[in-house]
Amino acid sequence: MKKIFIALMAVAMVALVGCNKKETVTENKVPSSLNVHYGDTIVMAKLMPGYTTYEEYVDNIQHAFCEGDTVYVGCIGQTVMHVTADQTVKKDIALNIQPWLREEDMFEIPSFDWTRDRAAILAEFGMPNSRSEVWGDSCYIYYIDENYNQFAYYYFDGDTFDHLKEIMIQVTDKDHGDVLKLFIAERFPFFQKGSWGATTVYEYYDAPYKKDATTQILYYEQNGRNVSFRPFTYSSK
């Protein structure tokens, strides 16, 4: 009887050591942080192999979101991914989402202070290089980069000039303009694709939920590559 008991204890110890070894080895191989890029996917079975089920969530869905056993990387920035394997093994992994674009391909995002009037814009940028007759002189146009034919349009609310109603960045140089869409996608949560007649429009916001957004961002290609920034107020209706 004593021999049987000792044998059973030995089997139990082997099983316990094997289980602990599996978890320890797997956990030790999982990095505490990951450097990823917009559009990457993180498959749990590859990141933490050897388990049957995975549950994961991230602190900020602007930077990544979960679907099944896969995490899809979104806008650049930092967040933390929390993973539970087989309902017991837990890992917290920092995600550092980096841009694909090179520094020389970057654009400048305008301020989303929609309370600015004409005096504030003139104080910030000086006199415009041009004014749009189409908009009754209520649009100030600035040349941002003559090498890439890049312009900034500041549209005011009618002739009062008391606040902005739209800022548009336009790039007419095709080679440089082709990266504008990626630049926006890397920085703002995408919501949907629509159209203005024959023009395809990609809609983004400056927050992962519309209720928290202050600015709507529209990318479209018409007489160049364009990004329109507009003040946004959420309504549940």
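The values are calculated or read from the model by the stated rules, or taken from the named source; none is laboratory data. These numbers come from a predicted model, not from an experiment. Glycine also receives a Cβ, built like all others from the backbone with ideal geometry; neighbour counts cover every protein chain displayed.
Just checking, how many residues over the range 89-124 are closer than 30 Å to Tyr72 by Cα and of a type outside the set (Val, Ile, Thr)? Spell out how you get there, then give the answer.
Step one: filter the range 89-124 for residues closer than 30 Å to Tyr72 by Cα, giving 89-112.
Then keep just the ones that are of a type outside the set (Val, Ile, Thr); that gives 90-92, 94-96, 98-108, 110-112.
The qualifying residues number 20.
In the range 48-73, of all residues being surrounded by fewer than 15 Cβ atoms within 10 Å (Cβ to Cβ) and β-branched (Val, Ile, Thr), the one that is nearest to Ile97 (Cα to Cα) corresponds to Thr53.
Test His163 against the stated conditions and say whether it is at negative phi and surrounded by fewer than 18 Cβ atoms within 10 Å (Cβ to Cβ). For His163, the condition - at negative phi and surrounded by fewer than 18 Cβ atoms within 10 Å (Cβ to Cβ) - is met. Annotation note: Cβ proximity below 9 Å between a residue of the range 52-81 that is without any contact (Cβ under 8 Å) to a residue 24 or more places away in the chain and a residue that is among the charged types (D, E, K, R) and assigned to a strand (DSSP E or B) (sequence gap 6+ or interchain) occurs for Cys66/Glu55; Cys66/Glu56; Val80/Asp92.
Given the criterion free of Cβ contacts under 8 Å to residues at least 24 places away in the same chain and within 15 Å of the chain's Cα centre (by Cα), identify the matching residue among Ala213, Ala207, Ala185, Ala198. Talk me through it step by step, then tell me what you get.
Working: Ala207 fails: free of Cβ contacts under 8 Å to residues at least 24 places away in the same chain; Ala185 fails: free of Cβ contacts under 8 Å to residues at least 24 places away in the same chain; Ala198 fails: within 15 Å of the chain's Cα centre (by Cα).
Answer to the selection: Ala213.
Scanning the range 143-182 for residues that are closer than 16 Å to Arg230 by Cα, without any contact (Cβ under 8 Å) to a residue 24 or more places away in the chain and not aromatic (Phe, Trp, Tyr) yields Asp157, Gly158. One residue alone among Ser130, Ser111, Ser138 is small (Gly, Ala, Ser), in contact with a strand residue (DSSP E or B) (Cβ under 9 Å, 6 or more places away or on another chain), assigned by TED's automatic domain parsing to the domain that holds Tyr155 and modelled with pLDDT of 90 or more, and that residue is Ser111. Among the residues of the range 212-221, are any exposed (fewer than 14 other Cβ atoms within 10 Å of the Cβ), outside any loop (DSSP other than H, G, I, E, B) and either touching a His at 6+ places or on another chain (Cβ under 9 Å) or not hydroxyl-bearing (Ser, Thr, Tyr) (or both)? Yes: one or more hits.
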